[in-house]
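J.: Provided herewith is a single structure, encoded as structure tokens, for subsequent inquiry.
The values are calculated or read from the model by the stated rules, or taken from the named source; none is laboratory data. Source: prediction; values computed, not measured. Virtual Cβ from ideal backbone geometry, glycine too; neighbours counted across all protein chains shown. Just the protein is used for accessible areas: all its heavy atoms, side chains included, with ligands, DNA and RNA removed. Shrake-Rupley method; radii C 1.70, N 1.55, O 1.52, S 1.80 Å.
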Amino acid sequence: MPAAPDKNAELAPITAMMSSRLMVLANLLKRGAILRYKRLAGLSSVEFGLVASLGRRPPMSVVRLAEAVGMDKGQISRALTELVSRKLVSRGVNPMDNREVLVSLTRAGLAAHDAIVAGALERNQRLLEQLSKEEVAMLLGHIDRLTDTAAQMLAAEKDLS
């Protein structure tokens, strides 16, 4: 009986690479999350990222929020305007520095946040239920190591730019 063909041999070299496979996985998970959070809380991908980042934390500045989600302040401001108009986020002046705007979730925003967290927990459990506890621990350890290496690679690329 002939050996089963190597699935990697059928792929173009770039798509066989681990980084490409991880991006495919990440994109599939992101697309599923976007659809779920739109259905559960009526939030776009940018909006659900902001609601998730604000979470149950003290008010934070728009600059800090932009850093937390890795987006520019202009994108954040547009999404925040929409979230404020839908009464999911409140804006206020920082009492310690009146030049700074602080944002936080309203009661309705907290309900949307809780729906996001519940959905994320369910998606995470469904994704990992096929693995043993040991496999999950090993996978997370590998991901952490790969993430550290990727961060070092990014820093090196920035140094060369």
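J.: Going Cα to Cα from K87, which lysines come in below 30 Å? Please leave out same-chain ones fewer than 8 positions away.
T.: The qualifying lysines are K30, K38, K73.
J.: With Rg/Rh (Cα atoms, Kirkwood Rh) in mind, check (i) 1.07; (ii) 1.26; (iii) 1.15 and report the label derived from this structure.
T.: Label (i) holds the value from this structure.
J.: Relative to the longest principal Cα axis of the chain, at what angle does helix 45-54 sit, 0 to 90 degrees, rounded to 10?
T.: The angle comes out at about 70 degrees.
J.: Let me ask something else. So which trypsin sites (Lys or Arg not before Pro) in region 49-118 are both in a DSSP loop and have at most 15 other Cβ atoms within 10 Å of their Cβ? Don't skip to the end; give the middle numbers.
T.: Working: sites: R56, R64, K73, R78, R86, K87, R91, R99, R107; in loops: R56, R86, K87.
Answer by residue number: R56, R86, K87.
J.: Let me ask something additional. Counting Lys and Arg as +1 and Asp and Glu as -1, each charge on the Cβ, what is the dipole of region 6-161 about the Cα centre in debye, to the nearest 20?
T.: Values: 22 positive and 17 negative charges, 164 e Å.
It works out to roughly 780 debye.
J.: For the chain, what is the calculated [θ] at 222 nm in deg cm²/dmol (nearest 500), taking -39500 (n - 2.57) for each run of four or more DSSP H residues and dividing by its residue count?
T.: Working: 8 runs with 113 residues, N = 161.
After summing the helix terms and dividing by residue count, I get -22500 deg cm²/dmol.
J.: Please work out whether region 21-61 counts as rounded, prolate or oblate from its C-alpha gyration tensor, where a ≥ b ≥ c are the square roots of the eigenvalues and a/c under 1.5 means rounded, while otherwise a/b larger than b/c means prolate and anything else oblate?
T.: Values: a/c = 3.35, a/b = 1.67, b/c = 2.01.
It is oblate, given that a/c is not under 1.5 and a/b is not larger than b/c.
J.: Another question about this same structure. Take L22 and R126, extend 7 Å from each Cα along the Cα→Cβ direction, and tell me the distance between the two endpoints in nm.
T.: For the pair L22/R126, the computed spacing is 2.5 nm.
J.: At 1.4 Å probe radius, can you tell me the per residue accessible area of the chain in Å²?
T.: On the way: 11680 Å² over 161 residues.
It amounts to 73 Å² per residue over the chain.
J.: Show me the GluC sites (Glu not before Pro) within region 56-161 that DSSP assigns to loop and that have at most 14 other Cβ atoms within 10 Å of their Cβ. Intermediate values should be presented prior to the final figure.
T.: On the way: sites: E67, E82, E100, E122, E129, E134, E135, E157; in loops: E129.
Sites meeting the loop and neighbour criteria: E129.
J.: Let me ask another. Can you work out the FRET efficiency for the pair L29 and N94, with r the C-beta to C-beta distance and R0 = 35 Å, to the nearest 0.05?
T.: On the way: r = 35 Å, r/R0 = 1.01.
Efficiency for this residue pair is about 0.50.
J.: Once you place label points 7 Å from the Cα toward the Cβ at K87 and A155, how far apart are they in nm?
T.: Rounded to a tenth, the inter-label distance reads 4.7 nm.
J.: Just check region 88-161 against the gyration tensor rule for me: Cα atoms, a ≥ b ≥ c as the square roots of the eigenvalues, rounded for a/c under 1.5, and otherwise prolate or oblate depending on whether a/b exceeds b/c. Please list the in-between numbers first.
T.: Working: a/c = 4.09, a/b = 1.29, b/c = 3.18.
The shape class here is oblate.
J.: Let me ask something else about it. With label points built 7 Å along Cα→Cβ from the Cα atoms of M71 and S44, find their separation and express it in nm.
T.: Spacing of the two 7 Å Cα→Cβ label points: 0.8 nm.
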